[in-house]
Amino acid sequence: MPRFTAALRALALPFAALLAVSASPAPAQARAESKAPKEFVALNDVDPTILQEIRYYTPHNFTGHRVDGYREPLCILTRPAAKALHQAQRSLLRQGYTLKVYDCYRPQRAVNDFVEWAKDLDDQAMKGEFYPDVDKTRLFEDGYIAEKSGHSRGSTMDLTIVKLPAVPTRPYEPGEKLVPCYAPKDERFPDNSVDMGTGYDCFDTLSHTLDPRIQGAQRANRLLLKDTLEGLGFVNLAEEWWHYTYKPELFPDTYFDFPVSHKSLRGN
């Protein structure tokens, strides 16, 4: 009898193991990447003449790396915002200028990337250009970094004006010597933008659109951008001369997370 019992136990063990394997849940399927709602478009499908220099697709930004979620150097916007930019471009082209966008729709994962970068106080590789006078411990308190961004709603963009004919901007070389973003135009990193007094994404009060220290041609350039856009329904963020939101927003309370790519727009 003991031998028979032992034999049964020997058979029962592998059978139980087989049952356990068959009863365990199947491996989770990879989640399908989210897509843009049909109201989103690629700006170059609405106006291919507007220049695009999508900084967060490159390492030339305050983080020093390509930001999460930027699969392509592409400006994506809600259709009404893109159409309004087209109207602004028509006005500027008649005056010998063109618009250039630095950033448009920004996925929430990119904002999360900014937050994680800001928490890493040891990573200050790009301080010399983008926040030379700001202690990194104050980026949240001073409002330079936040856990949500209007860009993720799809109707906000960062942009500037370029005098025609546009001269190409040389690429940034990682590790090159950095110059403060508020240095004179011929000293800071070259940008084919007209002189706005600071470079793009300059964490400094000189970036405030109507800062009284910005005068002459620099102030005139800021006002040209401001007056052109505000006449078409855009609202400027007073702390950033480059930041505008088209109103009313189609999605005033929704923060999207689909990647910046043509694939996200497929079918739109």
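If the condition is being surrounded by 22 or more Cβ atoms within 10 Å (Cβ to Cβ) and outside any helix (DSSP H, G or I), then the stretch 75-98 contributes 75, 76, 77, 78.
When you scan the stretch 198-210, do you find a residue that is farther than 26 Å from residue 125 by Cβ and without any contact (Cβ under 8 Å) to a residue 40 or more places away in the chain, even just one? Scanning the stretch 198-210, I find at least one residue that is farther than 26 Å from residue 125 by Cβ and without any contact (Cβ under 8 Å) to a residue 40 or more places away in the chain, so the answer is yes. Consider the stretch 107-128 and keep the residues that are of a type in the set (Asp, Glu) and exposed (fewer than 15 other Cβ atoms within 10 Å of the Cβ). The one that is nearest to the chain's Cα centre (by Cα) is 116. The set of residues in the stretch 220-239 being farther than 13 Å from residue 89 by Cα, crowded, with 18+ Cβ neighbours inside 10 Å and of a type outside the set (Phe, Trp, Tyr) consists of 221, 222, 236. In the stretch 169-184, the condition of being within 27 Å of residue 107 (Cα to Cα) and hydroxyl-bearing (Ser, Thr, Tyr) is met by at least one residue. When 198, 160 are checked against the criterion of being part of a loop (DSSP other than H, G, I, E, B), surrounded by 20 or more Cβ atoms within 10 Å (Cβ to Cβ), modelled with pLDDT of 95 or more and of a type in the set (Val, Ile, Thr), a single residue qualifies: 198. The combined condition, being surrounded by fewer than 17 Cβ atoms within 10 Å (Cβ to Cβ) and touching a residue at least 12 places away in the same chain (Cβ under 8 Å), is not fulfilled by residue 184.
Just one of (1) without any contact (Cβ under 8 Å) to a residue 40 or more places away in the chain; (2) of a type in the set (Val, Ile, Thr); (3) within 30 Å of residue 37 (Cβ to Cβ) fails for residue 78. It is (1). Scan the stretch 180-197 and tell me whether some residue there is over 26 Å from residue 215 (Cα atoms) and out of contact with any strand residue (DSSP E or B) (no Cβ under 6 Å at 6 or more places or on another chain). There is no residue in the stretch 180-197 that is over 26 Å from residue 215 (Cα atoms) and out of contact with any strand residue (DSSP E or B) (no Cβ under 6 Å at 6 or more places or on another chain). Residue by residue through the stretch 163-194, note down the ones that are charged (D, E, K, R), at pLDDT 95 or above and under 21 Å from residue 49 (Cα atoms). Across the stretch 163-194, the qualifying residues are 163, 191. Selection of first residues in the stretch 245-261 that are closer than 10 Å to residue 80 by Cβ and of second residues that are of a type outside the set (A, V, I, L, M, F, W, C), restricted to Cβ pairs under 6 Å at least 6 apart or on distinct chains, gives the following pairs, ordered by first then second residue: 246/155; 246/233; 247/233; 249/153; 249/155; 250/39; 250/78.
Selection of the stretch 129-143 for residues being assigned to a loop (DSSP other than H, G, I, E, B) and either surrounded by fewer than 21 Cβ atoms within 10 Å (Cβ to Cβ) or of a type in the set (A, V, I, L, M, F, W, C) (or both) yields 132, 133, 134, 135, 139, 140, 141, 142, 143.
For the stretch 55-82, the set of residues classified as over 11 Å from the mean Cα position of the chain (by Cα), under 17 Å from residue 201 (Cβ atoms) and not hydroxyl-bearing (Ser, Thr, Tyr) consists of 59, 60, 62, 64, 65, listed by residue number.
Please determine whether any residue of the stretch 99-106 is crowded, with 19+ Cβ neighbours inside 10 Å, basic (Lys, Arg) and in a helix (DSSP H, G or I). Looking for residues that are crowded, with 19+ Cβ neighbours inside 10 Å, basic (Lys, Arg) and in a helix (DSSP H, G or I), one finds none in the stretch 99-106, hence no. The residue that is farthest from residue 97 (Cα to Cα), among those in the stretch 32-53 that are in contact with a His (Cβ under 8 Å, 6 or more places away or on another chain) and surrounded by fewer than 21 Cβ atoms within 10 Å (Cβ to Cβ), is 46. On inspection, residue 173 does not qualify as farther than 30 Å from residue 37 by Cβ and crowded, with 21+ Cβ neighbours inside 10 Å.
The values are calculated or read from the model by the stated rules, or taken from the named source; none is laboratory data. What you see is a predicted model, and the numbers here were worked out from it, not measured in a lab. Neighbour counts are summed over all protein chains in view; Cβ atoms, including those assigned to glycine, are modelled from backbone coordinates with ideal geometry.
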